[in-house]
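Beneath this line is the structure, given in structure tokens, with notes to follow.
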Amino acid sequence: MKSPAAITNKLNYLILAQKYLIYFLPIALVTGSFLSDLSVSLVAIIFLITILIEKKWRYLFNYFSIIFFTWCAYLIFRSFLSENPFLSLESSLFYWRFGLFSLALWYLLDNCKEFKSNIFFVFFIVFLFLSIDGFIQFVTGYNLIGYTYYTIDEQRISGMFGDEAILGNYISRILPVI
């Protein structure tokens, strides 16, 4: 049987990994969907392990969580009844990870004092970097790394997002978080 100190030490490493994955998320969203989906999934799995170790069931068994996970079960059930279940399950099977990610954020906001200021700092730096990059690309035609990413009609800049013209969408969604 492991000592309580060893369990606490491993739990601290899990919480630290969870925090760094969340800090990495705004940057991962710029790179594409793979890293951001991987980060959200890993945070959800680490959160489940943490909750099982600490036995803090209030994060999983509250009114909103029960409604959300019931909704996820309903979506999976409906996917089995669709004309193309495999295609339908592709989008609904792992939808629950977003609910667990939200619960992980709640857990970290409750239990880690520095998390709120650190996540603000990360979001602010990413916002500032992308805004400056967008302005530079607007004025010079090239972004900070020297590429020109304009859409076909040469009307919209894309910054670090490559061929996807989603810079304004990303900034408008990250701004309320800041």
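The values are calculated or read from the model by the stated rules, or taken from the named source; none is laboratory data. As the structure is a prediction and not an experimental result, all values here were calculated from the model. Counting neighbours? That spans all protein chains shown, and the Cβs are built from the backbone with ideal geometry, glycine included. The accessibility values were calculated without ligands, DNA or RNA, using every heavy atom of the protein model including side chains. Shrake-Rupley method; radii C 1.70, N 1.55, O 1.52, S 1.80 Å.
Of note:
- Within region 5-135: Cβ-based charge dipole about Cα centre, in debye rounded to nearest 20 (Lys, Arg +1; Asp, Glu -1): 480 debye
- Computed accessible area, Ile66, all protein chains, 1.4 angstrom probe, square angstrom: 90 Å²
- Accessible-area composition of the chain, carbon plus sulfur, in percent [1.4 Å probe]: 70 percent
- Applying the criteria of a DSSP loop state and at most 12 other Cβ atoms within 10 Å to the trypsin sites (Lys or Arg not before Pro) of region 51-90 yields Lys55.
- Gain on full stretching of the segment that runs from Phe69 to Thr31 - 0.36 nm per residue minus C-alpha separation: 10.7 nm
- Computed over the chain: relative contact order in percent, which uses C-alpha pairs under 8 Å that are six or more apart: 17 percent
- Cα Rg, Dmax (largest Cα-Cα span) when computed across the chain, Å: 19.9, 66
- Label zone at Leu11, where the point sits 7 Å out along the Cα-to-Cβ direction: region 34-67 residues whose backbone N lies under 16 Å: 46-60
- Estimated FRET transfer efficiency when R0 is 22 angstrom, pair Leu48-Tyr95 (beta carbons, to 0.05): 0.90
- Farthest toward positive dipole pole in the chain [+1 Lys/Arg, -1 Asp/Glu at C-beta], among Leu100, Gly159, Ser131: Leu100
- In plain terms, the C-alpha convex hull of region 34-133 casts an average shadow of 8.5 nm² when viewed from every direction.
- Here Glu83 and Glu114 are evaluated by their C-beta separation; at R0 = 41 Å the FRET efficiency comes out at 0.25.
- When exposed loop sites are taken as GluC sites (Glu not before Pro) in a DSSP loop with at most 12 other Cβ atoms within 10 Å, the longest stretch of the chain clear of them is 1-82.
- Across the options Ala73, Leu87, Tyr59, the greatest Cα extent toward the positive end of the charge dipole of region 54-116 (unit charges at beta carbon of Lys, Arg, Asp, Glu) belongs to Tyr59.
- Mean accessible surface per residue for the chain, computed with a 1.4 Å probe while every protein chain stays in place, in Å²: 66 Å²
- Pairs of alpha carbons in region 8-47 separated by more than 16 Å make up 32% of all such pairs.
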